[in-house]
Amino acid sequence: MCGVLLLLLLLIVCIVWWPMMIRCHEGKVLELDESNFDSAISSFDFIFVDFYAPWCAHCNRLSPELDKAAPILSGLKTPVVIAKIDADKYSRIASKYKIDGFPTLKVFMHGVPTDYNGPRKSDKLVLYLRKFVAPDVTVVESDSGITEFVEAAGTFFPIFIGFGLDESAISNLAIKYKKNAWFAVAKDFSENMMALYDFDKAPALLALHPNFNEQSIFYGPFEDNFLEEFIQQSLLPLTLPMTGDNLKLLKDDKRKIVLTIVEDETDYESKGLIKLLRAAASANRDFVFAYVGYNQWKDFAEAFEVGRKTTLPKMVVWDGNEVFFSVIDSESIDREDQGSQITLFLERYREGKVIEKALGASFVGYLSSLVGMRTVYILVFLVAVMFLIATIGKEESSDASTSVADNRETARLHADKED
């Protein structure tokens with residue numbers, strides 16, 4: 001009887017205390033520990049958790065960004081709660097969720113965790129997390145509804161709109177790629193809307209990249225495999241500028257990367273070349289086309305054997321990991337007839353006229369961003385231990401050799417004395 005009363009009392013406390021805690025922290029970042037972590041995860045439909053360490057500089061830079069984002073996200077129609085936990089201190093929680101670097105960010109949707117690899121600035125973080133609570137597919141029924149959807153989606157993610165398509169045609173793929181794009185179907189639209197987005201018949205699936213002023217149209221067939229191939233190839237813009245955030249996006253894309261390295265991606269000549277690359281990308285969807293300015297990201301460019309004396313622009317094909325390919329007689333792009341030179345570069349690559357090379361030392365930074373700094377520290381520690389063992393082994397071997405030599409010399413002297 002006492003046990004039942006105790007459980008009842010505990011239940012009443014949870015019912016009363018937890019909502020009070022929610023109201024108390026509404027609009028602020030929740031500080032979690034081992035006593036309330038599981039309760040928080042089960043109580044909120046959507047909760048964004050920062051697994052941090054107090055000594056981590058990246059964590060300390062992230063903290064004020066979370067403070068800015070928290071009140072905005074808590075005010076959404078479907079709120080997202082932001083929380084954090086000292087994963088260095090509460091190691092049981094860190095171990096349970098396999099935290100191997102700081103900060104590690106996860107979104108718990110109805111208690112199920114998924115890794116967050118999106119932006120960390122408050123404004124973009126808000127845009128990114130809004131997607132987790134949005135409908136998988138938004139149904140719009142007028143031109144104004146289409147315009148409102150595109151404006152609300154913003155410019156950070158690609159947008160897919162099915163004109164004349166049934167919601168069920170893309171719902172499964174919308175769920176699968178929800179973290180990467182916005183999806184909608186338009187039930188009713190005018191010819192003016194078709195002219196605006198430059199397509200002439202329906203059904204059609206429109207892919208928009210507002211941030212890059214790019215769009216493409218897919219007219220079918222609308223079976224899952226063909227639809228998914230179009231969506232996969234349209235998640236990235238035709239030409240992708242290399243940045244830290246965009247480098248993370250490439251992790252999920254299995255295509256090889258045609259990388260063009262220019263002196264400065266903002267100058268007039270580079271912009272003209274990028275337009276030509278966009279045309280080549282449209283005709284060669286089996287590649288990702290990317291570019292980087294030596295002035296914008298020197299360390300990254302140098303990993304592909306580019307220095308101050310290298311003739312630029314230079315093109316290579318990168319596998320996204322440790323290997324890239326130089327195309328024989330087609331590395332550098334001259335100023336004249338660059339479109340033909342890009343075409344020749346691709347033809348020679350497909351013919352196998354390449355030299356395989358290993359990525360330069362800058363790849364270490366890329367590796368650390370993938371596996372987490374704690375793992376890197378462990379690897380460095382293990383290498384140091386192996387080196388120490390090898391060194392000690394050599395010294396012991398050297399000492400043993402010296403000892404044997406000394407014994408032989410002593411024996412020889414003893415024998416000479418007896419003689």
State all residues of segment 336-356 that are more than 31 Å from the chain's Cα centre (by Cα), farther than 21 Å from Ile274 by Cβ and in contact (Cβ under 8 Å) with a residue 24 or more places away in the chain; if no residue qualifies, say none.
Lys353
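Looking at the structure I just gave you, is Ala83 assigned to a strand (DSSP E or B), in the same structural domain as Gly118 (by TED's automatic domain parsing) and of a type in the set (Gly, Ala, Ser)? Steps first, please.
Details: assigned to a strand (DSSP E or B): yes; in the same structural domain as Gly118 (by TED's automatic domain parsing): yes; of a type in the set (Gly, Ala, Ser): yes.
Criteria met by Ala83.
Any idea which residue in segment 316-335 is farthest from Leu273 (Cα to Cα), counting only those that are of a type in the set (Val, Ile, Thr) and out of contact with any helix residue (DSSP H, G or I) (no Cβ under 8 Å at 6 or more places or on another chain)? Spell out the reasoning first.
In the first step, residues of segment 316-335 are kept if they are of a type in the set (Val, Ile, Thr); the result is 316-317, 323, 327-328, 333.
Now drop any that are not out of contact with any helix residue (DSSP H, G or I) (no Cβ under 8 Å at 6 or more places or on another chain), which leaves 316, 323.
Working: Val316: 15, Val323: 25 Å.
Among those that are of a type in the set (Val, Ile, Thr) and out of contact with any helix residue (DSSP H, G or I) (no Cβ under 8 Å at 6 or more places or on another chain), it is Val323.
Quick one: would you say Ala207 is of a type in the set (A, V, I, L, M) and either assigned by TED's automatic domain parsing to the domain that holds Pro71 or out of contact with any Ser or Thr (no Cβ under 7 Å at 6 or more places or on another chain) (or both)?
Values: of a type in the set (A, V, I, L, M): yes; either assigned by TED's automatic domain parsing to the domain that holds Pro71 or out of contact with any Ser or Thr (no Cβ under 7 Å at 6 or more places or on another chain) (or both): no.
No, not satisfied.
One line per residue, one yes/no per condition, for (1) part of a strand (DSSP E or B); (2) assigned by TED's automatic domain parsing to the domain that holds Ser63; (3) over 23 Å from the mean Cα position of the chain (by Cα):
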residue	(1), (2), (3)
Ile93	no, yes, yes
Leu105	yes, yes, no
Pro113	yes, yes, no
Leu125	no, yes, no
Ser144	no, no, yes
Glu148	no, no, yes
Condition first: among the small types (Gly, Ala, Ser) and farther than 18 Å from Ser42 by Cβ. Now tell me which residues in segment 75-119 satisfy that.
Gly75, Ala87, Ser91, Ala94, Ser95, Gly101, Gly118
Please determine whether any residue of segment 54-65 is touching a Lys or Arg at 6+ places or on another chain (Cβ under 9 Å), in a loop (DSSP other than H, G, I, E, B) and either surrounded by fewer than 17 Cβ atoms within 10 Å (Cβ to Cβ) or without any contact (Cβ under 8 Å) to a residue 24 or more places away in the chain (or both).
yes
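Would you confirm, using the coordinates I've provided, whether Ala69 is within 21 Å of Ser39 (Cα to Cα) and either touching a strand residue (DSSP E or B) at 6+ places or on another chain (Cβ under 8 Å) or assigned by TED's automatic domain parsing to the domain that holds Gly244 (or both)?
Spelling it out, it is not the case that Ala69 is within 21 Å of Ser39 (Cα to Cα) and either touching a strand residue (DSSP E or B) at 6+ places or on another chain (Cβ under 8 Å) or assigned by TED's automatic domain parsing to the domain that holds Gly244 (or both).
Rundown of residues vs (1) at pLDDT 90 or above; (2) touching a helix residue (DSSP H, G or I) at 6+ places or on another chain (Cβ under 7 Å); (3) loosely packed, with under 14 Cβ neighbours inside 10 Å, yes/no style:
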| position | (1), (2), (3) |
| --- | --- |
| Lys298 | yes, no, no |
| Glu305 | yes, no, no |
| Thr311 | yes, no, yes |
| Lys357 | yes, no, no |
| Ala361 | no, no, yes |
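Okay, residues lined up against (1) without any contact (Cβ under 8 Å) to a residue 40 or more places away in the chain; (2) in contact with a strand residue (DSSP E or B) (Cβ under 7 Å, 6 or more places away or on another chain); (3) not in a helix (DSSP H, G or I):
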position	(1), (2), (3)
Thr155	no, no, yes
Ile161	no, yes, yes
Ala169	no, yes, no
Lys178	no, no, yes
Ala195	yes, no, no
Asp200	yes, no, yes
Glu229	yes, no, no
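The values are calculated or read from the model by the stated rules, or taken from the named source; none is laboratory data. Computed from a prediction, not measured in an experiment: that's the story for all the values here. Note that each Cβ is placed from the backbone with ideal geometry, even for glycine, and that neighbours are counted across all protein chains shown.
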